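Reviewing the structure listed below.
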Amino acid sequence: MKKILIGVLTTVSLGMVGCSSSSEENKAQKETHHTQNLKGVELKVGDQKGNMRAQLEASKLLDGIDYKISWYEFPAAAPVAEALNVNAIDIGYLGDAPFIFANANGGHTRAIAVNRYDPYAVALLVPKNSPIKTIQDLKGKTVTANKGSIGQLVTLRALERAGLNAEDIQFKFLPPSDGKLAVVNGSVDVWAVWDPYTAYAEVIDGFRIVENGRGLYSGFTFLAATEKALQDQQKRIAIQDFIYRLEESQEWVNQNYESFGKDLARITGIPEEPSTLAFKRKNAKWTAITDDVISTSQETADFYQKHQLLNKKVDVSGLFDREFKTKKTGN
């Protein structure tokens, strides 16, 4: 457990907050959020920097919960997956590629909702004075990424689209902060990463995007849950309520990204300009798990097997729990 929680930056417990006195607002809230009799429930939530917690707090959509939320923040998806696998958290936020990679290597979690977003910022970055201008220039170079991450996935697909092979580059597997440092000190050439790291590197450090994720990555990030949490009926009710609130908070952010940038800077320590950029271009929405999510995830699993990141074919159909709903998609 100690190893898992090294990457944890903060733990916050959120208790009951008074609801609006307006009977009309109370009625609307009851129709959307079903949290009755959950005062003894604790939901342990694994987040990545500047994501779920930031937008839920800024939008004030955690007001009115009567269950406890304990937040655990991680720098990337891999430690989120590891924490889920040992039941250190109940639910966690991670990309589809690392979710599949983790489950194919002994994980036991289920994806229960999906955040769909513009994958532009899942990108290959270089310092502004780098001689690398195009994907073809990567031949013989070193790329840093988390193993099994969306950064590695985009790199491999970019190489394939450019007519290059995985053997034409060398991967150095490092977490995001160490990867950036390795590029800055010149020990690797390219950093494969995602927002808010991409936005920070562009705005603050002057990095350039050599290739973005459009056409290379699905733009799917999952909310995943442990089997243990899903077997607890009271916890399932709390998780469903959490998803409704998460969906609403994303809609709020999309409409208020400029003011949210200020809140995000305060919550995460990321400066306001890159914070605002990251959410402005994301244009995300939460939906329930649908057929296209599963078929796209199968394509990702097959791609990983093709590149020998998975040592056997994985049928992803059993990795999803489709009983959870969002307001917009319903099912």
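The values are calculated or read from the model by the stated rules, or taken from the named source; none is laboratory data. Predicted model, so just to flag it, every value in this text is computed and none were measured. Every residue, glycine as well, gets a Cβ built from its backbone with ideal geometry; the counts of neighbours run over all protein chains shown. For accessibility, only protein heavy atoms count, side chains too; no ligands or nucleic acids. Shrake-Rupley method; radii C 1.70, N 1.55, O 1.52, S 1.80 Å.
Per-structure values
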quantity	calculated
Residue check, A201 assigned to a strand (DSSP E or B) and either small (G, A, S) or open to solvent by 20 Å² or more (accessible area, probe 1.4 Å) (or both)	no
Unique residue being under 17 Å from F242 (Cβ atoms), open to solvent by less than 60 Å² (accessible area, probe 1.4 Å) and at pLDDT below 80 when the list is V80, V12	V12
Identity of the residue in segment 157-182, aliphatic (A, V, I, L, M) and either part of a strand (DSSP E or B) or open to solvent by 10 Å² or more (accessible area, probe 1.4 Å) (or both), that ends up nearest to A77 (Cα to Cα)	L174
Output for segment 314-331, where each listed residue is open to solvent by less than 50 Å² (accessible area, probe 1.4 Å) and outside any loop (DSSP other than H, G, I, E, B)	V316, G318, L319, F320
Residues being open to solvent by less than 10 Å² (accessible area, probe 1.4 Å) and either part of a loop (DSSP other than H, G, I, E, B) or free of Cβ contacts under 8 Å to residues at least 40 places away in the same chain (or both) - total across segment 88-100	2
Tally of residues being of a type outside the set (A, V, I, L, M, F, W, C) and either open to solvent by less than 50 Å² (accessible area, probe 1.4 Å) or assigned to a helix (DSSP H, G or I) (or both) across segment 34-46	2
Breaking point among (1) in contact (Cβ under 8 Å) with a residue 12 or more places away in the chain; (2) open to solvent by 20 Å² or more (accessible area, probe 1.4 Å); (3) over 16 Å from D118 (Cα atoms); (4) assigned to a loop (DSSP other than H, G, I, E, B), for S218	(3)
Any pair with Cβ under 6 angstrom, 6 or more apart, that starts in segment 118-134 at a residue that is within 21 Å of F171 (Cα to Cα) and ends at one that is charged (D, E, K, R) and in a loop (DSSP other than H, G, I, E, B)	A121/D195
Residues being open to solvent by 10 Å² or more (accessible area, probe 1.4 Å) and under 16 Å from D232 (Cβ atoms) - total across segment 68-77	1
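Results for (1) at pLDDT below 80; (2) farther than 19 Å from D90 by Cα; (3) open to solvent by less than 20 Å² (accessible area, probe 1.4 Å), shown as yes or no for each residue.
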site	(1), (2), (3)
N26	yes, yes, no
T32	yes, yes, no
Q48	no, no, yes
A58	no, yes, yes
D63	no, yes, no
D66	no, no, no
